[in-house]
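Participant: Structure below; questions to follow.
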Amino acid sequence: MRIYHNPRCSKSRQTLALLEAAGVSPEIVEYLNQPPSLAELQRIHAALGGDVRAMIRFKEDEAKALRISASDQRPDTEWLEILAAHPRLLERPIVVKGDVARIGRPPENVNALLEA
């Protein structure tokens, strides 16, 4: 398992603690220090499925500065390019296991990965 983690985020810390309590030692990617590439973001999106906008933190000041919102209609590739250029906008935490991923909001969302 891999967790895209921000140690300053309480939900990210709670999700990591949940994984560790289940005996999992995930690879920890502090995505603000090691931003995911566009290709990696594409893989994460594929693993999450659904709308790419679920991966984006629209309430961040950076999103406001970019004048983007969840109601914007853009191709998935454009959203992923925005995330690649502005990793602070990546929703956190994201846990990936193989070709399946979950956003840990709430942290219990990742329990499905522990059961698989």
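Participant: Where does helix 76-85 land angle-wise versus the long Cα axis of the chain, in degrees 0 to 90, nearest 10?
Facilitator: Rounded to the nearest ten degrees, it is 80.
Participant: Another question, if that's okay. Just subtract the alpha-carbon distance of Gln34 and Ala17 from 0.36 nm times their residue separation and send over the number in nm, one decimal.
Facilitator: Contour length minus the Cα-Cα distance gives 4.0 nm.
Participant: GNM, the chain, Cα, under 10 Å: largest mean-square fluctuation among Ala54, Ala17, Ala65?
Facilitator: The residue with the greatest mean-square fluctuation here is Ala65.
Participant: What's the center-to-center distance, using Cα atoms, between the range 1-44 and the range 49-87 in Å?
Facilitator: 19 Å
Participant: Moving on to the next point. Rounded to the nearest 10 degrees, what's the angle between the helix 38-48 long axis and the longest principal axis of the chain, both from Cα atoms, 0 to 90?
Facilitator: Tilt relative to the chain: about 60 degrees.
Participant: Give the long-range amide H neighbours of Ile56: residues separated by 5 or more places, or on another chain, with amide H under 5 Å away, using H modelled in the peptide plane at 1.01 Å from N.
Facilitator: Amide H to amide H, under 5 Å and 5 or more residues apart or across chains, Ile56 pairs with Glu91.
Participant: Ranked highest first by average number of other Cβ atoms within 10 Å, how do 102-111, 39-48 line up?
Facilitator: By packing density, highest mean first, the sequence is 102-111, 39-48.
Participant: Considering only the chain, what is the antiparallel percent among its DSSP beta bridges, to the nearest 5?
Facilitator: The answer is about 65 percent antiparallel.
Participant: Compute the orientation-averaged projected area for the range 12-72 from the convex hull of its Cα atoms and round it to one decimal in nm².
Facilitator: 5.5 nm²
Since every read-out is calculated from the coordinates, none of them should be taken as a lab result. Just so we're clear, the structure is a prediction, and the values are computed from it rather than from any experiment. Methodologically, a virtual Cβ is constructed for each residue, glycine included, from the backbone with ideal geometry; neighbour enumeration extends over all protein chains shown.
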